[in-house]
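Participant: One structure, pasted below without further comment.
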Amino acid sequence: MEATQDINGTKQRQEDYVTRFRQKAFIERDLAAIDEYLTPDFVDHFAPPWDPPGTEGVRQRFGQAAQAFATTQVRILHSMSQGNVLMQAIRIHMRHTGPFMGIPATGRDIAIGGFDAFEFREGKLAAHWGVYDVSRIPDLLGMTPGLNSTPESPSWASMWRSEARSA
């Protein structure tokens, strides 16, 4: 029974740490949280190959995202921990407040799903793997034709509508 309590305690500490990081970095837009919560040699396996490596790349991506979206909530749908790795299925709630991929600010509230895995080392985040449903963002912002799209170029939104699934 002692081992189970220790594992649960570790999971809770990991969850609390990631929640505090998301609060500061995403919701409060405090990019100083990157240096506070990430190791100096942090590796983001989600990063595109053209981005700078490490914390500098994280700072650049977070800064760009903050110019287009205000994160209002990161909801944890499922969370599990194994050793020094925390994995979470999440739903990110955002408001479109600035230009994104040529789309001017709409003020719309949107949410996308995602998955994060964080590796901890010496009490900080040392690595991240992530998958997010960013391909839906233009649809959610109302910038694609949805069900009026052509068969050669369908909108991602059409996948989520019951009419499209029953066809």
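The values are calculated or read from the model by the stated rules, or taken from the named source; none is laboratory data. This one's a predicted model, so the numbers in the text were calculated from it and none came from an experiment.
Participant: Looking at segment 104-114, can you tell me whether even one residue there is of a type outside the set (A, V, I, L, M, F, W, C) and within 21 Å of Val18 (Cα to Cα)?
Facilitator: yes
Participant: Right, here's the next one. Go through segment 20-53 and count every residue that is in a helix (DSSP H, G or I) and either modelled with pLDDT under 95 or aliphatic (A, V, I, L, M) (or both). Reasoning before the result, please.
Facilitator: At the first step, the residues of segment 20-53 found to be in a helix (DSSP H, G or I) are 20-27, 33-37.
From what's left, either modelled with pLDDT under 95 or aliphatic (A, V, I, L, M) (or both): 25-27, 33-34.
Of the residues in segment 20-53, 5 are in a helix (DSSP H, G or I) and either modelled with pLDDT under 95 or aliphatic (A, V, I, L, M) (or both).
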